[in-house]
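The values are calculated or read from the model by the stated rules, or taken from the named source; none is laboratory data. Note that the structure is predicted; figures quoted are calculated from it, not measured. Cβ atoms come from the backbone with ideal geometry, glycine included; neighbour counts cover every protein chain shown.
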Amino acid sequence: MPGTDTTLHSPAGARAGRVLVTGGAGFIGSHLVESLLASGDRVTVIDDLSTGREENLPAEHPRLRFVRADLAHALDSLGEHERFDEVYHLAAAVGVKRVMDRPIESIETNVLQTSAVLRFASEHGTGERGARTLIASSSEVYGKADKSPFSEDDDVVYGPTSVIRWSYACSKAIDEHLTIAHNRRRGLPAVIARFFNTVGPRQVGEYGMVLPRFVGAALSGEPLIVHGDGTQSRCFADVRDVAGTLPKLLRTDGCIGGVYNLGADEPITIKALAELVVSTLESSSPIELAPYSDVYPEGFEDLRQRRPDLTRIKNAIGYAPAIGLKQTIRDLAASIREGRS
């Protein structure tokens, strides 16, 4: 298979886990891969580079195998007897703009690929019931519920199926249902992490991600375009805090079978975020408001707020994000200057 390297070397005497990361060349995935390699694991990455980039991965690392391929074909190529201790499934459709532009691809990517990964993990694990498996979900699952903060067992509220915007939320909810069913019916040791607005180095703005858009504009002296009235609020967590937490979440027995919010819980309005970017980077860029109709198809709905309740994950593994938003902005700016975002 083109782009497939099936050679995996391990340092002499190393006692490392065998780990599979789907979407490992992406923004969050590549940071996770770095963390796993640093802890001594042997890592296989599958990524078709539709949104990830090979340069996000370390070059010529002795414990890293990179398989560039469609996920379904790549899983078949790994062979019947290949076994993994852990599987991290991060491959997914990325960004609201991409979902709105390519709804069929996004829905099929999220649901069909997750189903394939769960079956693979059940059959190719070193454990009796399969590989320990972490499925990446999204705060989008909560839909447009007006409760704050969002807790893992809250009801979810979606708009009508005629509005494409809600297809992503529904597809990620199906991913969660599939994961929980595999855990409860087949004993797969799986856990779900619901990401809330993860930001940081290597993130790109072309799929609608707000912080890299703002930072890129501030660095080039262009206007920072705030969609809507700017009073909608989000909580932004640094990718290094998030990625470093995933192995701990998966390796904690008490977390298996559970759903965990993962992010930060300090809200900031989008207009205030733009102002923070300008001040942190000492930019002369102006801030401008743009109606949603200029950016998204008719009928697009944004959420007024999205804040996680982190009580469950704090109690389970002592989670405490450590990197502040100003530092994240500075590091993302450095990444953009270096051409890595």
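General observations
- Which listed residue, of LYS314, LYS271, is touching a Gly at 6+ places or on another chain (Cβ under 6 Å), of a type in the set (D, E, K, R) and part of a helix (DSSP H, G or I): LYS271
- Single residue of PHE236, PHE195 found to be among the aromatic types (Phe, Trp, Tyr) and within 17 Å of ILE336 (Cβ to Cβ): PHE236
- The residue list PRO201, PRO223 contains one member that is of a type outside the set (Gly, Ala, Ser) and under 25 Å from LEU57 (Cβ atoms), which is PRO201.
- Of all residues in region 38-69, those that are polar (S, T, N, Q) and crowded, with 23+ Cβ neighbours inside 10 Å total 1.
- Hey, ASP154 among the acidic types (Asp, Glu) and either over 30 Å from ALA322 (Cβ atoms) or over 17 Å from the mean Cα position of the chain (by Cα) (or both) or not: yes
- Any chance GLU176 is under 19 Å from VAL21 (Cα atoms) and either among the acidic types (Asp, Glu) or without any contact (Cβ under 8 Å) to a residue 24 or more places away in the chain (or both): yes
- Counted residues, region 70-84 - those being touching a residue at least 40 places away in the same chain (Cβ under 8 Å) and surrounded by fewer than 19 Cβ atoms within 10 Å (Cβ to Cβ): 5
- Apart from one condition, PRO291 fits all of (1) closer than 20 Å to CYS235 by Cα; (2) over 20 Å from the mean Cα position of the chain (by Cα); (3) touching a residue at least 24 places away in the same chain (Cβ under 8 Å); the exception is (1).
- Residue within region 298-305 that is surrounded by 18 or more Cβ atoms within 10 Å (Cβ to Cβ), outside any helix (DSSP H, G or I) and not small (Gly, Ala, Ser) present: no
- Here VAL99, VAL111 are screened, and the one residue that is closer than 21 Å to ALA181 by Cβ, outside any strand (DSSP E or B) and among the β-branched types (Val, Ile, Thr) is VAL111.
- Checklist (1) surrounded by fewer than 17 Cβ atoms within 10 Å (Cβ to Cβ); (2) under 24 Å from the mean Cα position of the chain (by Cα); (3) of a type in the set (Ser, Thr, Tyr) applied to SER284, failing item: (2)
- Restricting region 127-169 to residues that are in a strand (DSSP E or B) and among the β-branched types (Val, Ile, Thr), the residue that is modelled with the lowest pLDDT: VAL157
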